[in-house]
1. Do the alpha carbons of any pairs in Lys79/Lys430; Lys79/Lys443; Lys79/Lys415 sit beyond 28 Å of each other, and which pairs?
2. Under a 5 Å amide H to amide H cut-off, with H placed in plane at 1.01 Å, what residues pair with Glu74 once short-range neighbours are removed?
3. So how far apart, in nm, are the two label points at Glu92 and Trp68 if each is 7 Å from Cα heading toward Cβ?
4. Cut-off under 18 Å on the C-alpha distance; same-chain residues fewer than 8 positions from Lys350 excluded. Which aspartates and glutamates are left, in chain and number order?
5. What value, in deg cm²/dmol to 500, does the helix sum -39500 (n - 2.57) over DSSP H runs of n ≥ 4 give at 222 nm once divided by the residues of the chain?
6. Quickly work out the Thr146-to-Glu367 label distance, labels modelled 7 Å from Cα along the C-beta direction, and quote it in nm with one decimal.
7. Put +1 on the Cβ of each Lys and Arg and -1 on the Cβ of each Asp and Glu in segment 66-150; which of Met106, Pro127, Leu142 then has its Cα farthest toward the positive end of the dipole?
8. Could you tell me the calculated FRET efficiency between Glu203 and Lys278, based on Cβ-Cβ distance and R0 = 56 angstrom, to the nearest 0.05?
Amino acid sequence: MADRPCFPFPGLFVFCRTGKGRKTMEKNVFVSKEQLDEITKKWLTPFHLYDERGIRENARALREAFSWNPGYREYFAVKATPNPYILQILKEEGCGTDCSSATELMMSDAVGFSGHDIMFSSNDTPPEEFALAEQLGAIINLDDITHISCVEKMLGYIPKTVSCRFNPGGVFQISNDIMDNPGEAKYGMTRRQITEAYRILKEKGAEHFGIHAFLASNTVTNDYYPALARQLFELAAELKRETGAHIAFINLSGGIGIPYRPDQEPNDIRVIGEGVRKVYEEILVPAGMGDVAIYTELGRFMLGPYGCLVTKAIHEKHTYKEYIGVDACAVNLMRPAMYGAYHHITVSGKEHAPCDHKYDVTGSLCENNDKFAIDRMLPEIEMGDYLIIHDTGAHGFAMGYNYNGKLKSAELLLKEDGSVQQIRRAETPKDYFATLDGCPMMKKYL
Ligand SMILES: *Cc1c(COP(=O)(O)O)cnc(C)c1O
């Protein structure tokens, strides 16, 4: 990416000099080499480390940005970081949870979320999961018009409060930038279906309605939410006119992104909150809908930057390219392998060293896409160095799997007082073999 001589957020970045005097940008890390040396005495790499202070400060900034809306609430997308200790922190900061499966509902319940603290935004939903959501008192967000009869059959009634997911089709565009392609997405109801769904639901006893839409992912711009809000607010006013339904909330869902690359300008959540407020006052207030609550279901924005994957360099290989083999692999962080996603890497303790070595940083899977970085300029890496892979707090550990018999890592929490708490232990072979528990051949390992 382009080198820029200066950056408007000097506190967030420091420069890393390359050998030829060029500058590349370096992202700050929330854990120092000294802290890592202490942590790795107690826990083996790899592990995900989360920053409680960052999580709390960011959650407060979000709440502040939407404080103009009395009903505002963030429902944290559990799938991003499904850990009860993380959910507990967000609960203390006033968040609810957004769940899309039975186990996410169970975890929310266990942490103490109940009733309308929980949003159930699922798709292709197994009918029993509607029953569990209803049992917990969650708000059910219907992905499709056919789910109305499915819910009715399952519960015997339609809940008083219910939400519908909207998909406008086509492409989602802001000015000349096409941001995403809702017409190709499996989610949500068409414009016609949502009116019909509201009518049917109302007839069957629903009293309070919500609208939900998720039209673009990882948007690194302050314009996404306001543009989405405009579409949904106009839709809300139309739906109210057409069906007479009481619209209680509008759920802008997830999609606010984070700057994975060091030269990307981060979103300014205050600007985003203000942008949504302007549209609210322009559209909803004149429509007599100034009591509508705004909800969000952010995952990446809430946790992404406040987690990192710490891994150790264990091999160097010089063939047609220069490889650094680390003790983490795509099982611990799938995004680079799956999407070719960029994750910045800092070599702990070498934050200010020149980035004059070009490496591929690889994991050990028998898959050539198991690379955390390709042709990345980094400081010279020595065996035993700790590599900090940035922005793994959301959709990091959570996407883990067990390919090649690899085991999932521990999750650690760096608390505000500087102490470290293990919030999930690393998997053991016994965990991996646990589902073979009836197998006599495996006895030795169970
Ligand atoms: C994934 C998801 C989110 C969170 O998305 P982020 O990109 O992490 O903000 C929110 N709502 C629903 C329904 C989702 O599927």
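The values are calculated or read from the model by the stated rules, or taken from the named source; none is laboratory data. All of these numbers come straight from a predicted model, not from anything done at the bench. A quick note on method: Cβ atoms are made from the backbone with ideal geometry, for glycine too, and the neighbour counts reach across all protein chains shown. Ligands, DNA and RNA are stripped out before the accessible areas are found, and what is left, the full protein with its side chains, is counted by its heavy atoms. Shrake-Rupley method; radii C 1.70, N 1.55, O 1.52, S 1.80 Å.
1. Lys79/Lys443
2. Here the answer is Gly96, Thr296, since their amide H atoms fall under 5 Å of that of Glu74.
3. 3.1 nm
4. Glu26, Glu34, Asp37, Glu38, Glu316, Asp360, Glu380, Glu382, Asp385
5. -8000 deg cm²/dmol
6. A separation of 3.1 nm, rounded to one decimal place.
7. Met106
8. Here the calculated transfer efficiency is 0.95.
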